[in-house]
1. Measure up K79/K102; K96/K116; K23/K96; K48/K165 against 20 Å on the Cα-Cα distance and list the ones that go over.
2. Using the Cα atoms of segment 33-93 to build a convex hull, what is its mean projected area in square nanometres?
3. Between rounded, prolate and oblate, where does the chain land on the alpha carbon gyration tensor, with a ≥ b ≥ c its root eigenvalues, rounded for a/c under 1.5, else prolate if a/b exceeds b/c?
4. For a Förster distance of 41 Å, can you work out the FRET efficiency between the beta-carbons of V92 and N39, rounded to the nearest 0.05?
5. Tally Lys/Arg at +1 and Asp/Glu at -1 over every other residue whose Cβ is under 15 Å from the Cβ of Q34; what's the total?
6. Compute the orientation-averaged projected area for segment 27-133 from the convex hull of its Cα atoms and round it to one decimal in nm².
7. At 0.36 nm per residue, minus the direct Cα-Cα distance, what do R99 and D157 gain on full extension? Give it in nm, one decimal, please.
8. I want the local charge near V121. Using Cβ-Cβ distances under 12 Å, sum +1 for each Lys or Arg and -1 for each Asp or Glu among the other residues.
Amino acid sequence: MNDQDNRHGLTQWHGTTIIGVRKGDRIVIAGDGQVSMGNTVMKPNARKVRRIGEGEKVVAGFAGATADAFTLFERLEKKLEQYNGQLLRAAVELTKDWRTDKYLRNLEALMIVADKDNLLVLTGNGDVLEPEGGITAIGSGGNYALAAAKAIAEYEDDPEVIARKAMQVAAEICVFTNGNVTLEEV
């Protein structure tokens with residue numbers, strides 16, 4: 001365990017896999033359900049992907065500390081309300097706050113968010129990233145899922161199939177990822 005994991009004297013909750021896949025006019029976000037503390041599985045069926053905002057037209061998935069992620073979900077919902085459901089604008093404003101606000105700056109999470117027009121990765125460094133090729137993944141199993149999805153995307157047109165197969169690969173490799181997948185489509 002490094003100092004980052006134990007900076008408050010507590011073991012941090014960590015480990016997950018979230019993937020976003022855009023194919024044609026469909027966008028899917030999927031995430032596993034495992035919550036770990038150290039080497040212990042604390043909960044196997046957490047819901048890390050959910051619909052947010054008015055009319056639940058935005059889907060968001062998080063990797064990182066659970067309480068931090070819920071804080072970011074709430075803040076993003078407020079920004080969506082403030083900017084009339086414009087995800088890109090709300091995401092930019094959230095990441096500005098996340099990077100500069102003394103309280104928010106300490107939050108440890110990454111998010112993948114999507115609406116019918118956008119698939120974005122949000123970071124505490126102020127980044128709002130649109131993935132190259134329409135596929136992105138975050139979390140401890142993110143690189144495994146990303147690699148699998150990129151390989152599958154060459155011959156599969158259904159983003160749900162791509163996301164589910166990629167999550168299966170990540171769950172087989174990453175000990176902090178399980179096969180309890182939550183998937184939402186916009």
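1. On the way: K79/K102 18 Å; K96/K116 23 Å; K23/K96 29 Å; K48/K165 18 Å.
Check vs 20 Å cut-off fails for K96/K116; K23/K96.
2. Numbers: hull surface 17.4 nm².
Seen from a random direction, the Cα hull of segment 33-93 projects 4.4 nm² on average.
3. On the way: a/c = 1.79, a/b = 1.04, b/c = 1.73.
Cα axes put the chain in the oblate bin.
4. Values: r = 38 Å, r/R0 = 0.92.
Here the calculated transfer efficiency is 0.60.
5. Details: positive: K43, R47, K48; negative: D32, E172.
Residues close to Q34 contribute a combined charge of +1.
6. Details: hull surface 28.2 nm².
Mean orientational projected area (segment 27-133, Cα hull): 7.1 nm².
7. On the way: separation 58, 0.36 × 58 = 20.88 nm, distance 3.65 nm.
Extending this stretch completely gives an extra 17.2 nm.
8. Working: positive: none; negative: D127, E130, E132.
Charge balance in the 12 Å sphere: -3.
No lab work stands behind these numbers, since they all come straight from the coordinates. Because the structure is predicted, anything quoted here is derived from the model rather than measured. Virtual Cβ from ideal backbone geometry, glycine too; neighbours counted across all protein chains shown.
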